[in-house]
Amino acid sequence: MRIGVVYRSVLVLVLVVAAALTLRFGAGKGSDGRKGIEVVVPDLTVEEINLVRTGVAECLTRVGFDFSAPEPWLATRWEDLGKGRWHFHLRPDVVFHTGEALDAEAVVAGMRWYRRRPRGRDLEHLLEVRAAGPRILEIRAASPTLPVPGYLGRVPVVHPRSFDAEGNLTVPVGTGPFRAVSFEPEKGAYLVKNEHYWSGSPRLDELRVRVVKDPSTRLLLLETGEAQWARMVPRHEVARLAREGYGVHRSRYLYNVYLVFNCTVSPGSDPAVRRAVAFALDRTRIASTAFEGTAEPAVSVFPRNLSFVPGDLLFCRHDPAESERILDDAGWSRPPGGRWRARAGRDLALTLLTASEGLRPAWPAAAELIRQDLTRVGIRVDVRVLEPGVWDDRVRSGRFQVTVRGRVPAWWPDPLGYFRLDLHSTCGNNVCRFRSPRFDQIVDAGVAAQDAAARKAAVAEAQRILAQEMPLVPLCHDIGRETFVVRTSVLNAATHHTLTYSYPGPRTDIKEETR
């Protein structure tokens with residue numbers, strides 16, 4: 001929602017006064033000799049990815065969040081020795097921020113820390129790691145077809161002294177272009193350049209990252225000059241900022257927004273209802289209206305241009321007539337002149353939960369459009385917008401019927417990894433409580449497959465099961481979620497290679513691939 005003119009003017013005045021009374025960090029120097037800049041972000045709480053985003057830590061490989069091929073980074077090369085055994089050769093010229101050389105033992109210790117993190121626990125049964133020499137890391141994978149180099153592009157390399165005896169991150173020590181003086185996920189970070197960075201000394205001396213939850217406040221800090229780089233400003237302001245000369249960088253990566261059912265709670269426990277909902281939704285309208293044209297309508301979990309999406313997959317389309325036919329066949333009838341469908345004297349009704357805050361500003365608007373689409377086919381929807389913490393607790397504990405939820409399926413560089421992480425019946429992140437023995441069997445067989453053809457067949461079959469069962473309904477691929485705006489007078493993003501590696505975070509476009 002746009003901020004009121006009077007309130008906005010007062011807030012701008014307050015920020016301008018504050019700027020005059022405080023040290024203007026990095027003001028007065030541009031890309032040709034700037035001492036430092038301030039970046040405002042909505043959060044740093046996912047420590048693993050933010051250690052890489054801020055340039056503190058790096059990974060063995062460098063990979064986009066779009067299923068693209070990995071590139072060498074801290075590992076100069078790797079060898080597939082067969083039967084799931086790999087050797088990764090470390091760069092010889094890299095030192096940690098402590099001055100200690102990067103070696104295999106330190107990488108192993110850091111990986112053990114990562115595998116205790118929520119996002120790393122799925123690696124426990126997939127990868128075994130040990131030092132095979134001072135600069136050789138040996139990985140043993142659960143399957144010879146597991147894309148190990150891609151997986152290691154998600155694992156930050158941190159020195160063992162980055163965390164305490166209980167495994168809690170203290171001050172992170174990495175190998176990246178910036179050294180952390182402080183790093184507090186709820187507040188921000190103060191970073192200084194790493195003079196001994198293996199890829200060249202950064203052109204910025206200092207970088208302050210401030211956590212600011214409210215997107216309108218991040219925008220005002222940018223406009224008043226208190227910040228020089230802002231992550232995730234209000235979508236409706238981006239075009240104006242571009243016209244006014246700000247640099248706008250969209251980090252196009254695969255972030256999906258879904259309508260997620262609790263498959264154990266009626267009526268969403270009925271696959272027919274889930275399929276009917278999928279056909280009723282106008283994803284083009286949702287993407288263009290709720291997401292202000294910065295999202296692409298989704299007809300499947302993955303974009304159709306990716307090579308592992310089968311050509312014969314029955315994609316979901318906007319077809320209200322088909323939705324009504326499915327409901328009629330399932331016994332959900334609507335009496336002449338009646339508004340709501342019912343079966344056995346019970347209305348077809350759903351309570352739709354969503355959250356609204358800086359990371360999810362479009363979700364309540366999307367929920368309202370969903371309510372309108374489902375009303376047209378006779379499904380009654382009660383939309384409830386919750387405080388984010390309450391919403392997250394209810395979703396994770398299963399106290400919901402249906403909710404809007406966002407995910408990065410390419411967090412794991414492998415569709416089977418995503419299926420296992422979010423939809424396998426044994427996975428703790430399966431918030432939709434989807435239970436399909438056939439799906440589990442297919443995914444497990446794919447993970448254990450001994451050849452690429454069997455793995456590809458498993459990926460295709462798993463997608464067909466999801467298209468039929470619809471435990472979650474893809475709404476859109478949210479391209480505009482990660483928009484970074486920079487004051488072009490203070491930072492030339494094209495020349496600050498060590499900063500653009502960090503921001504904008506998850507990099508690269510969704511690549512078009514030929515079948």
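The values are calculated or read from the model by the stated rules, or taken from the named source; none is laboratory data. Model, not experiment: these values are computed from the prediction. A quick note on method: Cβ atoms are made from the backbone with ideal geometry, for glycine too, and the neighbour counts reach across all protein chains shown.
When only residues in the range 39-80 that are acidic (Asp, Glu) and modelled with pLDDT of 90 or more count, which is farthest from residue 181 (Cα to Cα)? Across the range 39-80, the extreme among qualifying residues is 80.
Here residue 313 meets the list (1) outside any loop (DSSP other than H, G, I, E, B); (2) closer than 26 Å to residue 462 by Cβ; (3) among the aliphatic types (A, V, I, L, M) almost entirely, failing just condition (1). Contact map, the range 48-73: first residue over 21 Å from residue 116 (Cβ atoms), second residue among the polar types (S, T, N, Q) and at pLDDT 90 or above, Cβ cut-off under 6 Å, separation 6 or more or different chains; pairs are 70/61; 73/61.
Can you find a residue in the range 279-297 that is over 24 Å from residue 369 (Cβ atoms) and exposed (fewer than 15 other Cβ atoms within 10 Å of the Cβ)? Among the residues of the range 279-297, not one is over 24 Å from residue 369 (Cβ atoms) and exposed (fewer than 15 other Cβ atoms within 10 Å of the Cβ), which makes the answer no.
Taken residue by residue, the range 394-416 has at least one member that is touching a residue at least 60 places away in the same chain (Cβ under 8 Å), surrounded by 15 or more Cβ atoms within 10 Å (Cβ to Cβ), assigned to a strand (DSSP E or B) and among the polar types (S, T, N, Q). Scanning the range 426-448 for residues that are under 17 Å from residue 126 (Cα atoms) and modelled with pLDDT of 90 or more returns 440, 441, 442, 443, 444, 445, 446.
Which numbered condition in (1) outside any helix (DSSP H, G or I); (2) out of contact with any Phe, Trp or Tyr (no Cβ under 7 Å at 6 or more places or on another chain) is the only one that residue 325 fails? Going through the list (1) outside any helix (DSSP H, G or I); (2) out of contact with any Phe, Trp or Tyr (no Cβ under 7 Å at 6 or more places or on another chain), residue 325 breaks only (1).
Taken over the range 199-226, the criterion of being within 30 Å of residue 73 (Cα to Cα) and at pLDDT 90 or above is satisfied by 208, 209, 210, 211.
Taken over the range 421-443, residues that are part of a helix (DSSP H, G or I) and closer than 25 Å to residue 481 by Cα amount to 2. For the condition hydrophobic (A, V, I, L, M, F, W, C) and without any contact (Cβ under 8 Å) to a residue 40 or more places away in the chain, what is the one hit in 330, 342, 295? Criteria check complete, one pass: 342. Looking at 146, 152, 137, which is the one that is assigned to a strand (DSSP E or B) and touching a residue at least 60 places away in the same chain (Cβ under 8 Å)? Criteria check complete, one pass: 137.
Can you give me the number of residues within the range 182-202 that are among the small types (Gly, Ala, Ser), surrounded by 13 or more Cβ atoms within 10 Å (Cβ to Cβ) and in a loop (DSSP other than H, G, I, E, B)? Of the residues in the range 182-202, 2 are among the small types (Gly, Ala, Ser), surrounded by 13 or more Cβ atoms within 10 Å (Cβ to Cβ) and in a loop (DSSP other than H, G, I, E, B). Please go through the range 115-157 and pick out each residue that is among the hydrophobic types (A, V, I, L, M, F, W, C) and more than 21 Å from the chain's Cα centre (by Cα). If the condition is that a residue be among the hydrophobic types (A, V, I, L, M, F, W, C) and more than 21 Å from the chain's Cα centre (by Cα), then 126, 127, 129, 131, 132, 136, 137, 139, 141, 142, 146 are the ones that fit.
For the range 469-483, residues that are β-branched (Val, Ile, Thr) and assigned to a strand (DSSP E or B) total 2.
For the condition among the hydroxyl-bearing types (Ser, Thr, Tyr) and under 30 Å from residue 396 (Cα atoms), residue 266 qualifies. If only residues of the range 350-364 that are modelled with pLDDT of 95 or more and hydrophobic (A, V, I, L, M, F, W, C) are counted, the one that is surrounded by the fewest Cβ atoms within 10 Å (Cβ to Cβ) is 352.
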